[in-house]
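Coordinate-derived values only; no laboratory data. Quick caveat, the model's predicted, so the values are computed rather than measured. All Cβ positions, glycine included, derive from the backbone under ideal geometry; neighbour counts span all protein chains shown.
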Amino acid sequence: VAERLVVIGGDAGGMGAASQARRLRADLDIVALERGGRTSWSACGIPYLVGGEVDHLDDLVVRSPEVFRERLDIDVRLHQEATALDLDRREVEVRDHGVGRTLRLGFDQLVLGTGARPRRPDLPGAERDCVFGVQTLDDAEALLAHARDSGHSQVVVVGGGYIGLEMAEAFTHRGAHVVVIERQPEVMGTLDPDMGALVSDAMRRNGIDVRCGTATLGFDEGVVRTEAGDVPADLVVLGLGVVPNSELAGDAGIALGAGGAVAVDDRQKTSVEGVWAAGDCCESAHLVSGVKVHVPLGTVANKQARVAGTNIAGGNARFPGVVGTAAVKLCATEVARTGLSEREAERAGIDHAAARIDGTTRAGYLPEAPSLTVKVVAERKSGRLLGAQIVGGSGSAKRIDVVATALHAGMTAGQVSWLDLAYAPPFSPTWDPVLIAARKAAEQAAQAGPGR
Ligand SMILES: Cc1cc2nc3c(=O)[nH]c(=O)nc-3n(C[C@H](O)[C@H](O)[C@H](O)COP(=O)(O)OP(=O)(O)OC[C@H]3O[C@@H](n4cnc5c(N)ncnc54)[C@H](O)[C@@H]3O)c2cc1C
């Protein structure tokens, strides 16, 4: 009998691991369970579907179940939900929603690719039909159907995380009046508040009513209740981040780690032999802080899946970890971050300094050179680069990749300030803003600071 790999979850984490295992081992019997009706889609494209830049939901499907079945010989089973794991017998209990029965499926190796789900606040009315989280294409389908039925002239986004803000922009493209309610002083909690403020301002300039420092109290017929009064709402979108779908693993006794995500080593192995995890359901190692973190991003999911699939096939791949790099475009403003923010450095107990500069993404004498703000954080005394944040016009966001690369290389801010980066007037000023911010951060870090 062929060795059987069972994969739970039909998106990046699960199917990435299944595909890689198949590429390396033709003899494996691979079964993939997905409780929804689709495989391998780009959730990242959902805001563009809602905003009308992508025409059809199915345009976001990267690989259909048929392709997995026919080209990769992976037995994809849709509408089948793993409901329990029996690790002693090496069996998964599966609820087949199609025919309404429960069966057991044996495995030799198992991949957990169960992903994450939007965080729902523990507030009255949070389960109402008009309150949507967005994670899967099925969610997007339900949201769009409700938007069409309700007329969606008033949309409220609760939480100023990047998904909430992308959805806020998408609904303005559909002609809705959009209000964002954020409890913290600024949106985008992955940035420091001074950089988050630039994002709030950019959203406001585009007609989005961003209300920071306002707590949501609950949801009622046609309104979101906040501590600053009721806000009319035909439709509510949650933008409070995600929580890992790790209950299946936790209930079976598999160790959980950072943020309640499945604990894994650098080979993506869980605490149980032959059981692997990849994607939003599991943790990653942070290369700057040295601690485990939950970074639910597609770029991370794909890499972890490749590592898990390689190891399942008998290889020895390792996922080095993350530095927390992310980018998002909101209206015409590009936002990017990597490494540790000042707030994160503080939490990690790292004595740090920071510098913030304003510049342009092209030579200032060119017409309409977009402006940008770069903030670089460095460790005091050693000058070690800790992270950066960038908010600005066209050409801003991907500059973060230089800083991310420098973080992987363990460089100091001073070393970054001398990097030989490409220059021509259409691409940057002679001194790229990243180099200038790094130099200033290095200078700050060298000065005697408040100390610890
Ligand atoms: C709107 C939006 C925008 C995004 N933008 C970006 C971006 O710009 N850049 C970026 O890097 N990332 C982005 N992401 C994040 C990225 O989409 C996720 O990191 C990625 O989808 C994670 O893949 P995954 O396979 O781990 O989890 P998921 O995509 O959550 O898939 C998990 C799958 O497992 C299934 N499942 C769960 N439990 C079970 C079970 N018990 N039995 C059977 N099936 C089960 C689920 O139905 C789901 O299909 C975005 C996400 C969203 C929602």
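Tabulated results
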item: ³J(HN,Hα), Karplus 6.51/-1.76/1.60, whole Hz, each residue of segment 334-345, x for Gly, Pro; result: 9, 10, 8, 8, 8, x, 9, 6, 4, 4, 5, 5
item: Whole-Hz couplings from phi, Karplus 6.51/-1.76/1.60, listed for segment 12-18; x for Gly and Pro; result: 4, x, x, 6, x, 5, 4
item: Segment 1-73: GluC sites (Glu not before Pro) in DSSP loop, at most 14 other beta carbons within 10 Å; result: GLU3, GLU53
item: Calculated P(r) of segment 62-124 - Cα pairs past 14 Å, %; result: 70
item: Sparse-neighbour loop sites [trypsin sites (Lys or Arg not before Pro); segment 282-378; at most 13 other C-beta within 10 Å; DSSP]; result: ARG318
item: Cβ-based net charge around LEU240, under 13 Å, with every Lys or Arg adding one and every Asp or Glu removing one; result: +2
item: Cα long-axis angle, helix 298-312 against the chain (0 to 90 degrees, to the nearest 10); result: 40
item: Space enclosed by the convex hull of the alpha-carbon atoms of segment 1-141, per residue, Å³; result: 138
item: Euclidean distance between Cα centres, segment 96-129 to segment 305-325, Å; result: 25
item: Convex hull (Cα only) mean projected area of the chain, reported in nm² to one decimal; result: 23.6
item: Residues of type lysines that LYS381 reaches as a straight line, Cα spacing below 22 Å, ignoring anything fewer than 8 places off in the same chain; result: LYS440
item: Highest average packing first - 160-173, 276-289, 254-267, Cβ atoms within 10 Å; result: 276-289, 160-173, 254-267
item: Radius 12 Å from Cβ of GLU273, net charge of other residues (Lys, Arg +1; Asp, Glu -1); result: +1
item: For VAL402, net neighbour charge (Lys/Arg +1, Asp/Glu -1) across residues whose Cβ lies under 13 Å away; result: -1
item: Residues GLU91, GLU342 arranged by fewest to most Cβ contacts within 10 Å; result: GLU91, GLU342
item: Degrees between helix 137-150 axis and first principal axis of the chain (Cα, 0 to 90, nearest 10); result: 70
item: Residues whose placed amide H lies under 5 Å from that of ILE74, excluding near-sequence neighbours; result: ARG69
item: Stretchable slack from GLN415 to ASP27, in nm (0.36 nm times residue separation minus alpha-carbon distance); result: 134.8 nm
item: Helix 433-446 vs. the chain, principal-axis angle (Cα, 0 to 90°, nearest 10); result: 80
item: Rh by Kirkwood over Cα pairs, then Stokes-Einstein D for segment 77-189 at 1.002 mPa s and 20 °C, µm²/s; result: 125
item: Fewest-first sequence of ASP230, ASP96 by Cβ atoms within 10 Å of each Cβ; result: ASP230, ASP96
item: Segment 374-387 - phi-based ³J(HN,Hα) in whole Hz, Karplus 6.51/-1.76/1.60, Gly and Pro as x; result: 10, 10, 10, 10, 9, 6, 5, 6, 5, x, 4, 5, 10, x
item: Between segment 1-51 and segment 165-206, the Cα center-to-center distance that results, in Å; result: 33
